[in-house]
1. Please report 109, 89, 81 as a ranked list, fewest other C-beta atoms within 10 angstrom at the top and most at the bottom.
2. Take residue 125 and residue 38, extend 7 Å from each Cα along the Cα→Cβ direction, and tell me the distance between the two endpoints in nm.
3. What shape does the range 1-130 have by the C-alpha gyration tensor, where a ≥ b ≥ c are the square roots of the eigenvalues, rounded means a/c under 1.5, and otherwise prolate means a/b greater than b/c and oblate the rest?
C-alpha cells in the first residue's frame, strides 16, 4: 500500500480505522512508513482489557526500527466508548514521541478509534501541539 503526500493522513486514518473493526479489547499499535512515505507495517505494541492497554516506548521503538521506518502513527481503540483522549493517552503520546525521536523516527499523529468514529490528535486544534516541530511540518505544507 502506497500513500501519497496529499492524502497521507486521510489514507492512514482509513487504514487504521479498518484495522480496528471487530477488535473488542483495547489495542495500541504503530503504523510505520518509510522515508518515501510508503506503508511498511502495522504492529500491535500493547493489549489490554476494554478499559486499558499497556504501550511501552521500547516496543514502539523496536517495531519501527524492525520496519526501518522514518515516520510513524500511534493508534489505539476505546472499545464501546467514544474516542476522546484521556490524560494517559496524551502522556503516552508524549513519551512515545520522545522515544521515537531518539531513533530518528517522527511520530506524526495519534489516532483514537471508538464508537465507529475516530479522533486524530494531529488534526485536533487542542492537541496538534504534540506534533509541532520544524521536521514534522514539512509533510503538511
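Bear in mind that the values in this text are calculations on the coordinates, not laboratory data. Worth saying up front: this structure is predicted, and the values here are computed from it rather than measured. Reconstructed Cβ throughout: ideal geometry from the backbone, glycine too, with neighbour counts over all protein chains shown.
1. By the 10 Å Cβ count, ascending, the order reads 81, 89, 109.
2. The modelled label-to-label distance comes out at 3.9 nm.
3. Rounded shape, in that the Cα axes give a/c under 1.5.
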